[in-house]
Amino acid sequence: MGLIKIKPKNADSISVGDIITFRRGDLLIVHRVISKGQDNRGIYFVTQGDNNPENDGKIYFKDVEYVTVGLIF
């Protein structure tokens, strides 16, 4: 299986339900956006793996690498 992914132009191009790849230290993590908000640091996304019981906390746009737009089986 492969992912078709794009580099998002801005935070407005990412919506709840999208699957994003984000950087957490040296790791790249691929999880679904479950909510979107804004605080004094900017727009953030809360993500969670489909089979994970807990969310990942706030992910800021600067840490987002890609948005998945398709899967190849």
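The values are calculated or read from the model by the stated rules, or taken from the named source; none is laboratory data. This structure is a prediction, so every number in the text was calculated from the model and none was measured. With ideal geometry, Cβ positions are generated from the backbone for all residues, glycine too; neighbour counts draw on all protein chains shown. To get the accessible areas, we keep the full protein, side chains included, count just its heavy atoms, and leave off ligands, DNA and RNA. Shrake-Rupley method; radii C 1.70, N 1.55, O 1.52, S 1.80 Å.
Some notes on this structure:
- Of the criteria (1) open to solvent by less than 60 Å² (accessible area, probe 1.4 Å); (2) out of contact with any strand residue (DSSP E or B) (no Cβ under 6 Å at 6 or more places or on another chain); (3) in contact (Cβ under 8 Å) with a residue 60 or more places away in the chain, which one Phe73 fails: (1)
- Candidates in the range 1-14 are the residues that are part of a loop (DSSP other than H, G, I, E, B) and open to solvent by less than 60 Å² (accessible area, probe 1.4 Å); of these, the one that is farthest from Lys58 (Cα to Cα) is Pro8.
- Applying a threshold of 8 Å to beta carbon distances and a minimum spacing of six or more residues, or different chains, the list of pairs starting in the range 40-56 at a residue that is within 17 Å of Ile14 (Cβ to Cβ) and ending at one that is assigned to a loop (DSSP other than H, G, I, E, B) and among the hydrophobic types (A, V, I, L, M, F, W, C) reads Phe45/Ile14.
- Residue pairs meeting the criteria (Cβ under 6 Å; at least 6 apart or on separate chains; first small (Gly, Ala, Ser), in the range 2-28; second modelled with pLDDT under 95): Gly2/Ile72
- Scan of the range 24-39 for residues that are outside any strand (DSSP E or B) and open to solvent by 80 Å² or more (accessible area, probe 1.4 Å), ordered by number: Asp26
- Positions within the range 48-69 being in a strand (DSSP E or B) and farther than 24 Å from Met1 by Cβ, in sequence order: Lys58, Tyr60
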